[in-house]
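The values are calculated or read from the model by the stated rules, or taken from the named source; none is laboratory data. The structure presented is a predicted model; accordingly, all values stated were derived computationally and were not measured. FYI the Cβ positions are ideal-geometry reconstructions off the backbone, even for glycines, and counts take in every protein chain you see. These accessible areas exclude ligands, DNA and RNA; they are computed on the full protein's heavy atoms, side chains included. Shrake-Rupley method; radii C 1.70, N 1.55, O 1.52, S 1.80 Å.
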Amino acid sequence: MLPTGVTVQDEQGRFLLVNDAAAAQLGMAGSEAESPASKELDHRRTTGMELLRTGSHAVAEECVNSDQARQVFLTTHRPVRIADRNLLLSSSADISEQKALEDQLFRSAYYDELTGLPNRGVIEHRVNSLLKRDEPHGSFALAFLDIDNFKHINDYYGHPLGDALLIEVAKRLGMDLRETDMLSRISGDEFLLLLNPIQSEQEVAEYIRFTLERLRAPYFIDGSEIFASTSIGISLYPEHGRSYDLLRQNADIAMYRVKNDGKGSAAFFDSGMEREALARMKVEQSLRLAILEKRFCCAFQTKVDIRTQDIKGIEALVRLRDDEGVIQAPGTFINLAVELGLIDELTHLVLAEIVKSIDLINETFGPDASISINVAAKQACNPEFMRAFALALEATGYPERFMIEVTEDAFVTKNHFQDEILPIFRKLGVRISIDDFGTGYSSLSALADITADEIKIDRSFITDIHKRPRSQGILRAIESLSEALGMTVIAEGIETFEELAYLQAATKIRYAQGYYFSRPIFLEELRPSIPVASEARASLASRPPQENRPTHARGERYRR
Ligand code: C2E
Ligand code: MG
Ligand code: MG
């Protein structure tokens with residue numbers, strides 16, 4: 001920063017004194033007469049004369065564009081009377097750095113750093129000013145865009161590539177917008193697009209169809225070819241709302257519907273969607289309440305050795321007792337619990353219930369039966385939760401009894417589960433199982449990089465396995481790979497004798513789980529029948545498999 005520049009001028013604007021700093025600022029070389037004419041110099045002369053004529057003070061910001069950079073000076077002009085002469089004393093401070101900082105703050109307050117797009121505050125302001133116009137209002141559209149599976153892309157390829165993708169998407173979206181349209185990035189992978197004005201819904205539909213296609217084309221980033229689709233929800237003014245909040249919310253609701261219907265397309269808001277959203281909110285509220293009131297319980301399903309019929313372990317499957325006392329299976333609430341960030345608490349509740357019932361568990365299934373707990377992929381990749389969960393498992397005093405079931409999504413490369421989190425559990429003797437294998441994101445070859453103790457083949461491969469050569473082939477491949485990697489294989493969802501017979505005859509798979517052996521059961525239902533453990537195991541073992549029919553007598557019943 002330069003020192004303060006000081007000048008003294010007379011009533012004709014002539015410079016009587018110019019210090020070095022002021023000379024540099026005004027582009028003066030030597031005396032005034034020798035200096036080249038410059039805009040700054042002219043401006044100073046006229047300002048000087050004017051201020052001395054009126055006898056007034058002034059403070060002004062002066063901007064000088066030098067070769068290197070923009071310089072900004074704050075100049076104070078003050079008339080003084082020295083030796084009977086009216087003179088103007090001016091001093092200038094270089095405030096360029098401060099100005100640059102202010103500019104940067106301004107930009108970061110209103111613009112997204114990554115894409116350079118205006119942020120949510122700016123688009124909200126723009127929409128609000130459209131709504132406040134005096135003249136008869138024209139129509140406009142608000143489109144809410146969300147990149148599908150962006151989290152997967154980020155996890156799989158890493159954050160720098162995720163960022164690059166966002167920039168590319170922003171570029172494609174902004175390609176042929178009009179002056180009066182506006183594109184904004186409102187958070188992570190969400191964009192809001194204002195189309196203004198619009199003539200008709202068809203016109204918007206046409207434009208959005210075109211945009212979707214443009215977004216679907218592959219992205220070439222950093223040597224990778226990336227495919228990404230986008231879901232779009234649209235609301236129209238005035239039909240779908242007369243305030244920014246309502247229009248944005250309704251576009252969001254329409255987008256949510258697209259996500260649920262399979263993603264990658266667009267939908268206009270309609271009032272049916274609003275009813276759906278309200279219903280969803282009700283479920284959300286009741287889930288929050290259920291967690292607060294700890295209205296959860298566990299059903300346990302056995303994992304069985306298909307040769308000896310011994311119970312090798314059990315899996316805890318969470319159940320919710322809703323406001324009306326009806327028992328709900330996790331399909332209705334797990335994803336929502338994950339989405340709402342309630343799942344961690346739920347997992348701790350499951351563990352607490354197991355600890356509370358451990359005597360009964362030992363009595364029923366034997367003291368060596370392993371106890372499996374499901375952990376959602378999102379939790380599995382959250383080191384904070386997993387550390388706390390490891391401590392809780394350790395605190396039971398028998399961590400080596402536990403097995404954690406996670407889906408293969410948790411193992412995708414470039415997240416921390418495999419390197420950072422797994423070792424903590426290994427040290428405690430807790431085992432790891434890959435749940436629902438074959439349905440997720442990873443491929444067979446990815447299995448080679450995964451270190452787990454058990455792999456559970458998803459029910460979709462097991463159902464009617466004896467009739468499906470393709471599934472049989474997949475099963476054989478998984479089987480031999482797991483054998484090579486030293487993982488135990490479990491077949492999930494055995495329901496019929498034919499499925500079991502196929503596994504026994506045609507594979508080396510040793511363990512299975514399914515309604516054929518036992519439905520998930522509530523422990524309290526077992527209490528009255530005393531020697532359950534021995535009876536359950538003896539009854540399974542004593543009958544030859546051909547006669548072994550599923551007994552649902554002790555299976556869980558959904559009741560009011
Ligand atoms: P999962 O871990 O793959 O559990 C197996 C699911 O298949 C259970 O459904 C079980 O009741 C069902 N099942 C078992 N055998 C058969 C069969 O022979 N036929 C058929 N049709 N189904 C069978 P459930 O209890 O509804 O649980 C669904 C999923 O919810 C679980 O799938 C698991 O991913 C998740 N889940 C359950 N409890 C928890 C939990 O405490 N935390 C988390 N994060 N997820 C959980
Ligand atoms: Mg499971
Ligand atoms: Mg499963």
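If you place +1 on the Cβ of every Lys and Arg and -1 on the Cβ of every Asp and Glu, how big does the dipole about the Cα centre of region 385-502 come out, in debye to the nearest 20?
So the dipole magnitude of region 385-502 works out to roughly 140 debye.
Test of understanding: what is the full-extension gain from Glu274 to Lys39, defined as 0.36 nm times their sequence separation minus their Cα-Cα distance?
78.4 nm
State the answer as a single residue: which of Ile521, Leu89, Phe73 lies farthest towards the positive end of the charge dipole of the chain, with beta carbon charges of +1 for Lys and Arg and -1 for Asp and Glu, about the Cα centre.
Value: Ile521.
Beta carbons within 10 angstrom, averaged per residue: use that to sort the peptides 46-52, 30-36, 453-459, highest first.
Packing proxy ranking, top to bottom: 453-459, 46-52, 30-36.
How much length is gained on full extension from Glu284 to Val80, taking 0.36 nm per residue of separation minus their Cα-Cα distance?
66.1 nm
Would you list which aspartates and glutamates come within 16 Å of Lys456, measuring only between C-alpha atoms, while excluding same-chain residues fewer than 8 positions from it?
Asp305, Glu315, Glu405, Glu408, Asp409, Asp435, Asp436, Glu479, Glu483, Glu492, Glu495, Glu499
Could you work out how far helix 96-110 tilts from the main Cα principal axis of the chain, as a 0 to 90 degree angle to the nearest 10?
That helix lies at roughly 40 degrees to the long axis.
Roughly how big is the chain's charge dipole about its Cα centre, with Cβ charges of +1 (Lys, Arg) and -1 (Asp, Glu), in debye to the nearest 20?
Dipole of the chain, to the nearest 20 debye: 1300 debye.
What ranking do 96-106, 491-501 get when scored by the average of other Cβ atoms within 10 Å per residue, highest first?
In descending order of packing, they fall as 491-501, 96-106.
What does the charge dipole of region 114-269 about its Cα centre add up to, to the nearest 20 debye, if the Cβ of each Lys and Arg holds +1 and the Cβ of each Asp and Glu holds -1?
Once rounded to the nearest 20, the dipole reads 180 debye.
Put +1 on the Cβ of each Lys and Arg and -1 on the Cβ of each Asp and Glu in region 5-99; which of Leu16, Ser38, Leu52 then has its Cα farthest toward the positive end of the dipole?
The Cα lying farthest towards the positive end belongs to Leu52.
Give the shape of the chain as rounded, prolate or oblate, defined through the alpha-carbon gyration tensor: a ≥ b ≥ c are the square roots of its eigenvalues, a/c under 1.5 means rounded, and otherwise the shape is prolate if a/b is larger than b/c and oblate if not.
Since a/c reaches 1.5 and a/b is larger than b/c, the shape of the chain is classed as prolate.
Could you provide, to the nearest whole Å², the per residue accessible area of region 114-269 with probe 1.4 Å?
Per residue, region 114-269 has 47 Å² of solvent-accessible surface.
Toward the positive end of the charge dipole of the chain, about the Cα centre and with charges on Cβ (Lys, Arg +1; Asp, Glu -1), which of Pro423, Ile153, Thr4 goes farthest?
After comparing all options, I get Pro423.
Using per-residue counts of other Cβ atoms within 10 Å, averaged over each peptide, order 426-437, 198-209 from highest down.
Final packing ranking: 426-437, 198-209.
Relative contact order, percent, of the chain when contacts are C-alpha pairs under 8 Å separated by at least 6 residues?
9 percent
When the helices in the chain are scored as -39500 (n - 2.57) per DSSP H run of 4 or longer and the sum is shared across all residues, what 222 nm value do you end up with, to the nearest 500 deg cm²/dmol?
Rounded to the nearest 500, it is -12500 deg cm²/dmol.
Expected output is a single nm value to one decimal: the length gained when fully extending between Asp163 and Arg321, i.e. 0.36 nm times separation in residues minus the C-alpha distance. What is it?
Value of the extension gain: 52.7 nm.
Have a look at the DSSP beta bridges in the chain and tell me what percent are antiparallel, nearest 5.
70 percent
Of the heavy-atom accessible surface of region 156-244 (probe 1.4 angstrom), what whole percent is carbon and sulfur?
It is 52 percent, rounded to a whole number.
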